[in-house]
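What follows is one structure encoded as structure tokens, with my remarks underneath.
Read the figures in this text as sums done on the coordinates, not as results from a lab. Since this is a predicted model, take the numbers as computed values, not measurements.
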Amino acid sequence: MTQWVTQAEAVRLLADLGDTISQQALSLYLKGHPEVVREQHGRSVKIDWESLRRSRGTRNARGPASQSPLFEVETEPTKPTETAPRAPRDPEAIDLASRRARADTDRAESDARRAKILAAEAEGRVIGRDAAINAFVTAGIALVRAMEESRVLAVDEIRAAVDNRAALQAMKTYERNLRTTFANALTDFAQAEEPALAAAE
């Protein structure tokens, strides 16, 4: 009498015979071995236990199906990948790339300095070159005039000094008056010609 079993029951029966196999491996085994009789029973497919036992018995030398493949294919050992040697880099190309990188860096730094100066000018913290030249020319003229006007008086005071200390004090007074004249000329120019100059002062 035929003994019909489910796959789960077949796994347990094979295990009792020392043939260990998982249910998933058994399902794969059945697909490759049509000699094992199977039959639809309601919604499930059952296996003829006797035909399965005989099929597995003839393949015991291959070991459990869950561990041994159905087909063994010999493959050639993988050869190590050979990396092509890198070609030496051209020294001239390296030097050219280095010079180009330095030029790009210098250009970026120059642009950054120019942007900083323009921002400072916009905020009134620095003055333009032309305005600075005009301011110092005006102040220089005032300084020369003050030197000519104060020179004679300074010489007379130095000659009239009773000692070296008094002469040195007269000379310091003369120099201080010249510095004050120069600074006042710059301030007057800034206030009259360029309000930004006054702010810079």
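Once backbone amide H atoms are built at 1.01 Å from N, VAL45 has no partners under 5 Å, excluding neighbours fewer than 5 places away on the same chain. For HIS33, no residue has an amide H sitting under 5 Å from its own, ignoring neighbours fewer than 5 places away on the same chain, with H placed 1.01 Å from N.
Across region 104-118, rounded Karplus estimates of 3J(HN,Hα) from the backbone phi angles (6.51 cos²θ - 1.76 cosθ + 1.60, θ = phi - 60°) give 5, 5, 4, 5, 5, 5, 5, 4, 5, 5, 5, 5, 5, 5, 4 Hz, Gly and Pro being marked x.
Taking amide H positions as modeled 1.01 Å from N, with prolines and chain starts lacking one, the residues under 5 Å from SER22 and 5 or more places away or on another chain are SER66.
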